[in-house]
Amino acid sequence: MAEMSEAARLTDFEARIDRGEKIEPGDWMPDAYRQNLIRMISQHAHSEIVGQLPEGKWIPYAPGFRRKLTLIAKVQDEAGHGQLLYAAAESLGKTREAMMDELLSGKAKYANVFNYPTPHWADVGVIGWLVDTAAVINQTMLAQSSYGPYGRAMRRICYEESFHIKQGYDAVLAMARGTAAQRLAAQEAIDRWWYPTLMMSGPPDSMSTHSRLALRWRIKTKSNEQVRQEFVDHIVPQIRALGLTVPDADCAFDAATGHHRYTQPDWEELKRVVSGHGPCNQERLAVRRKAHEEGRWVREALQVAS
Ligand code: BYC
């Protein structure tokens, strides 16, 4: 009897999804839907928080007052996005402390891109332009997510991320129109970030463990490959318009498909980087642990005050 009612609930839940209704925190949902969302939203929140670090490092060295102010604002925005997303994940029943423990212990994943170094100011521009473009394309899709709090958080975040793209593009534009050394630095940063940014949309559909259920329940509304292709089609003409080069000799527009062909990234590298073995994983987590310890007294004071 109980089993029947569970099956009926699932049918009703899937009918709601098919009608395009939003699922809200108090609603019945299959446990796999809840767990998949907690996993994805908490990883997303961690990405925003750790994502402050590669660019944040450049705040003291930003070339000029205007660029410094814009970069500070961008990095602060990412912290705000992290808070919104932790709140969305909390609405599914996971505590913020548990999520934080998973991040600081190295158990939780976060976006691969933030485990690479930023040796030049040009990396800040290229992250804002390329990485944020890939993020916005993905997040515009996630704004349609069947889980109400996630979709609403995405809409707010996309407004701000769109401004981040302009900030990054403007920095790269200045370099592309600058001296030969500046153009070279911009090109080298594109060379560094191209493949990690392609990996950001996730593994190919055939290797993706969560996509099947996520698509069925409209947690995601496009596959990893669809999102990556949209990014490539969007960004390749922009890179070339600045007189810069896509670091993939085989990347070309294919009139037959209406899309750009591109070389697949090294998917073994993605696995290594997201499982703690990228160039900067240890450094990123060490900075987060230090910040967490230094903020302990604030959390304790707030607990006493409440
Ligand atoms: N990086 O079955 P799959 C930003 C993991 S921050 C790390 O395809 P799914 C910004 C995946 O988690 C915005 N891990 O998974 C901030 C799974 O591992 P587990 C970042 C990755 O979830 C500051 C396994 O591989 N955006 O914009 O269906 C400054 C199998 O993958 C990655 C988001 O977080 C990766 N790239 O699809 C500047 C978007 N790819 O959990 C900018 C939200 C795969 O089984 N997340 N993995 O251990 C998503 O859209 C999806 O989770 C993904 C993966 C497309 C990333």
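Odds and ends about this structure:
- The loop-placed trypsin sites (Lys or Arg not before Pro) in region 4-44, going by DSSP, that have at most 14 neighbouring Cβ atoms within 10 Å of their Cβ come out as 19.
- Distance (nanometres) between label positions extended 7 Å along Cα→Cβ at residue 156 and residue 257: 3.8
- Cβ-based exposure ranking for 5, 91, 146, in which fewest neighbours within 10 Å come first: 5, 91, 146
- Computed on region 147-306, with alpha-carbon pairs under 8 angstrom and 6+ residues apart, the relative contact order is 16 percent.
- Under the simplified labelling scheme, the residue 299-residue 21 pair shows an inter-label distance of 3.8 nm, with each label point 7 Å from Cα along Cα→Cβ.
- The calculated FRET efficiency for residue 277 paired with residue 102, based on their beta-carbon distance and R0 = 22 Å, is about 0.80.
- Proximal lysines relative to residue 68, as straight alpha-carbon distance under 30 Å, when same-chain residues fewer than 8 apart are discounted: 57, 109, 166, 290
- Residue by residue, region 63-80 carries 3J(HN,Hα) couplings of x, x, 5, 5, 5, 5, 4, 5, 5, 4, 4, 5, 5, 5, 4, 5, 4, x Hz when phi is fed to the Karplus relation 6.51 cos²θ - 1.76 cosθ + 1.60 (θ = phi - 60°); x denotes Gly or Pro.
- Simple rule: put +1 on each Lys or Arg Cβ and -1 on each Asp or Glu Cβ in region 31-305, find the dipole, and look at 207, 153, 71; the Cα lying farthest toward the positive end is 153.
- For residue 259, the residues whose amide H sits under 5 Å from its own are 254, ignoring neighbours fewer than 5 places away on the same chain, with H placed 1.01 Å from N.
- Across the chain, the volume of the C-alpha convex hull divided among the residues equals 155 Å³ per residue.
- Of the trypsin sites (Lys or Arg not before Pro) found in region 104-184, the ones in coil according to DSSP and having at most 13 other Cβ atoms within 10 Å of their Cβ are 107, 177.
- Extension gain, residue 79 back to residue 234 (0.36 nm per residue minus Cα-Cα distance, nm): 53.1 nm
- Residue 306-residue 144 pseudo-label distance in nm [points 7 Å out on the Cα-to-Cβ vector]: 3.6
- Net charge dipole, the chain: roughly 580 debye, given to the nearest 20, about the Cα centre with Cβ charges of +1 for Lys and Arg and -1 for Asp and Glu.
- Sites residue 12 and residue 87, calculated FRET efficiency, Cβ-Cβ separation with R0 35 Å, nearest 0.05: 0.80
- Full-stretch length increase - residue 191, residue 68 - with 0.36 nm per residue and alpha-carbon distance subtracted: 41.8 nm
- Computed from backbone phi with θ = phi - 60° and the Karplus coefficients 6.51, -1.76 and 1.60, the 3J(HN,Hα) list for region 215-227 is 6, 4, 9, 6, 5, 10, 10, 9, 7, 4, 5, 4, 5 Hz; x is used for glycine and proline.
Where a number appears in this text, it was derived from the coordinates with a stated rule and is not lab data. Every value quoted in this text rests on a predicted model; they were computed, and no experiment measured them. In this analysis, Cβ positions are derived from the backbone assuming ideal geometry, glycine residues included, and neighbour counts consider all displayed protein chains.
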